[in-house]
Amino acid sequence: MNLGQLAWRNIKGNAFRSWVVFLCAMVVAGFSLSAVMIIRGAEDSLRLALNRLGADIIVVPEGAETKVETALLMGKPVKVWMPQENLDKIARIPGVAVASPQLYLSSLSNASCCSVSEMFMVAFDPKTDFTIEPWLKQKLGHELRLGESVGGSNVFTPEGEENIKLYGYFITLKGNLTSTGTGLDQTMFLTFETAQDVARISKTRAERPLEIPANSISAALVKVQPGSDPRSVALDIMQKVPGVTPIESPNMFQTFRQQIMGLLRGMLLILSITLVLSLVLISLIFSMAANERRRELGVLRALGATRGFVFQSILAEAVMLAVDGGAVGIALACLATFLFRDLLVRSLGIPFLLPSLPSLVTLIGGGLVLALSGVTLAALIPAFKISRQDPALAMRE
Amino acid sequence: MIALRNVTKTYQVSKEIAVMAVRGVSLNVERGEFVIVTGRSGSGKTTVLNLAAGLVKPTSGEVCLGDVNLWSLADREQSLLRNRKIGFVFQFPSLLPSLTVLENVALPTIFGTNHRGQDPYERAAELLDMVGLSDKLSAYPRQLSAGQQQRVVIARALIGPPEVLLADEPTSNLDEQTEHEIMDLFRDIHTQTGVTVVLVTHTSQLVSYGTRAIEMASGVIVNHQI
C-alpha cells in the first residue's frame, strides 16, 4: 500500500464528505467550462461570420441595422430594401474598391411549394461579389449557374430528392460552406439571376410569389481600397448617400457583442459566487474531517508517519476528488453543451460555434486546473494545521 | 534502552493555567524488560509513555532511545526511528476503519519500516496467525469484537519488528476475561521475542505480568518494584 492507495481508501470510507467535495469540484469545473465554451463559442461565431462576409463596411437601409444583423447571425429572414442607385453612389465614393449588392429573401412558411420553411436566402451579384465567389472558385472551380446554389453548413437537400424546392422552383445545392455557428449556416446563397428566375416562376407555381422590388437591393457589401481608412469611407457614405447606414466591420453585430458581454458578466458573477461558495464548503469539510480524524492522524504519526506524510495524505484525497469530480463535471459540461447547443442559441439569442478539438483540449485542461487548484487550495490550511498538531494531544481528544 | 533523565512536562491549558503532568522523572528501561507503569488517572503515566515515544516534547530534561536523544532529531528522522524501533498499542480503537485487518497490520510498513525484505502482507498474516486471527485477514475493524481489535493492534505493533513495545492501557475497554487473554498475549510475545515492553495500566493487579512495576502519582514515580 502507498500514500495514494491509503488516500483512496479514506475517500471510499468517508462517503458523504467525499461526495460533497466531488460535487463541488464537478460544479466548479463543469460550470466554468460551460461558461467559457459558450462565451468563446459566441465570440468565435461572430468572428467567423465577419470573416465570411469579408466586407470592411456593410451598407443597409437606415434603421435596418439590427434586423440585418439578426438575419445574418440568427438566420431569421428579413425583408429590407433600398434603391439600387445607392450602389452606384457608394461605388463612386473615394476609397471604395468594390461595392457588391445583396438581396435578402426568404422561403415561404409551411408552404407546399417550398421544401424548406422560412429559410434565409441571400442573392449576390457574381460580377462584384467577394463573399461567395472566392469559395466557389476554390471548391467548385466555376461560378454558380442558373438554378444552382450553395448553402451554409446546415442546408441540405431533402432526403430522397435531388433538388431543393423553393416557390415551386427546383434549385440544385452545389455545396456547403464551413460552419460558423451563426444564421449563415442556415442560409442559402444564390445568384441574382437565379433569384429573378425563382421570382418569375413563383408567379405560377408558388402559393405566394417571391417579390423582389424592381431596382432595389437589400444591402451593399463594401471593400475599401488598400491604405484607405474604413471609418472615413463609412462617414463619407453616410454623408453622400441619404437613407442608408454604413456599419464598419468592427462595429458589426454590436447588439450581439453587448449581449455576449452581458452574458459574460453574468456568468463571471455566478462562476465567482460558485467558486467562493465551493471553496468555503470544501475548506469547512476538510476542517471538519481533519477534526474528526485527529485521533486517526495522531495514530499515523505514532506509527511513524512524518508530518509531511499526514499533510500529503490529506492533499492526496483532495487532489483525487478534484480530478474525479472535475473530470465528470467537464464530461457533463461537454455533453450538455453539445446536446443542447440549439436550445442555447434560441434561449440566449446569441450565435454559437462548438470549439475546435485543440481549443476544447485547452479549455478542458483549464477546467481541470481550476477544480484542482481550487480544491487543493481549500484543503491546504486544514491539511497544514492537522499535520502540525501534537500527536499525543490529538490522540487524547 | 529507554532513558528519561530528569524529565518535566508542563501543558499550557490557557494563558494563565499550566498543568505539570510529569515532574522531574528519571527512568531507565533496560533491553528485554517488561515494565508495568501503574497509577491513578492524572498521575502522568500516559505522558511518560508518550515522552518515551517522542510523541510529546519534554518541557525540560532528556529522552533517549538507545544512544539517541529523540529531540535532537528532525521530524523525518524521529518518525523513522519511531517507525523502526517502537511498536504502539493504544487504549482506544486505533485501527483505520477503511482498511482490512491485514492492511491495518501492514500499515506501518508504508512509513518506511525495515521488515527485513519480507513481503509486508506475508509478515502481517504471520502476526495475525500469532495473535489467533488468521481467519480475519479480510475483515474490517467494525466486524471484530473489542478484544479482537486489540489483538490486531498488537499484531500491527509487532510488524517492524520493534525493539520496544509501548502499550497505553491496552485492556481498559475490555472485560476481565479478555483483559487476561490480552495480558497473556503480551507476556507470550515478551517471552518469545525478547522485546522490551512498557505497559501503562491503572489496574494494579496486572503488575504480576511484568518483570518490573513502577507506580506514579502526581507526575512523579513514587514506587519501584522488581
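The values are calculated or read from the model by the stated rules, or taken from the named source; none is laboratory data. Everything numeric in this text was worked out from a predicted model, so none of it was measured. Neighbour counts are summed over all protein chains in view; Cβ atoms, including those assigned to glycine, are modelled from backbone coordinates with ideal geometry.
Observations on the structure shown:
- Residue B:139 meets the conditions (1) outside any loop (DSSP other than H, G, I, E, B); (2) surrounded by fewer than 19 Cβ atoms within 10 Å (Cβ to Cβ) in every case but one. The failed one is (1).
- Residues being hydrophobic (A, V, I, L, M, F, W, C), in contact with a helix residue (DSSP H, G or I) (Cβ under 6 Å, 6 or more places away or on another chain) and more than 19 Å from residue A:167 (Cβ to Cβ) - total across segment A:97-127: 1
- For segment A:53-76, the candidate set comprises residues that are small (Gly, Ala, Ser) and part of a loop (DSSP other than H, G, I, E, B); within that set, the residue that is surrounded by the most Cβ atoms within 10 Å (Cβ to Cβ) is A:55.
- Restricting attention to segment B:53-83, the residues being farther than 14 Å from residue A:303 by Cα and more than 9 Å from chain A (Cβ to nearest Cβ) number 17.
- For segment A:275-309, a tally of residues being away from every other protein chain (no Cβ under 14 Å), surrounded by 18 or more Cβ atoms within 10 Å (Cβ to Cβ) and not hydrophobic (A, V, I, L, M, F, W, C) returns 1.
- When residue B:109 is tested against the conditions (1) at the interface with chain A (Cβ under 10 Å from one of its Cβ atoms); (2) free of Cβ contacts under 8 Å to residues at least 40 places away in the same chain; (3) of a type in the set (Val, Ile, Thr), the lone failure is (2).
- Any hit, segment B:18-41, residues being basic (Lys, Arg) and in a strand (DSSP E or B): yes
- Entirely in segment A:294-395, the helices (runs of 4 or more DSSP H) that have 2 or more residues that are at pLDDT 90 or above and closer than 21 Å to residue A:20 by Cα: A:307-339
- Looking only at residues in segment B:20-52 that are within 14 Å of chain A (Cβ to nearest Cβ) and among the polar types (S, T, N, Q), the one that is surrounded by the most Cβ atoms within 10 Å (Cβ to Cβ) is B:50.
- Scanning segment A:30-52 for residues that are within 24 Å of residue A:118 (Cβ to Cβ) and of a type in the set (Gly, Ala, Ser), we see that the one that is surrounded by the fewest Cβ atoms within 10 Å (Cβ to Cβ) is A:49.
- Top-ranked residue in segment B:147-193 [being within 14 Å of another protein chain (Cβ to nearest Cβ) and among the small types (Gly, Ala, Ser); ranked as farthest from residue A:300 (Cα to Cα)]: B:172
- Filter result for residue A:92 (of a type in the set (Lys, Arg) and either under 20 Å from the mean Cα position of the chain (by Cα) or within 14 Å of another protein chain (Cβ to nearest Cβ) (or both)): no
- When restricted to residues that are surrounded by 13 or more Cβ atoms within 10 Å (Cβ to Cβ), in a helix (DSSP H, G or I) and more than 30 Å from the chain's Cα centre (by Cα), segment A:202-231 contains 3.
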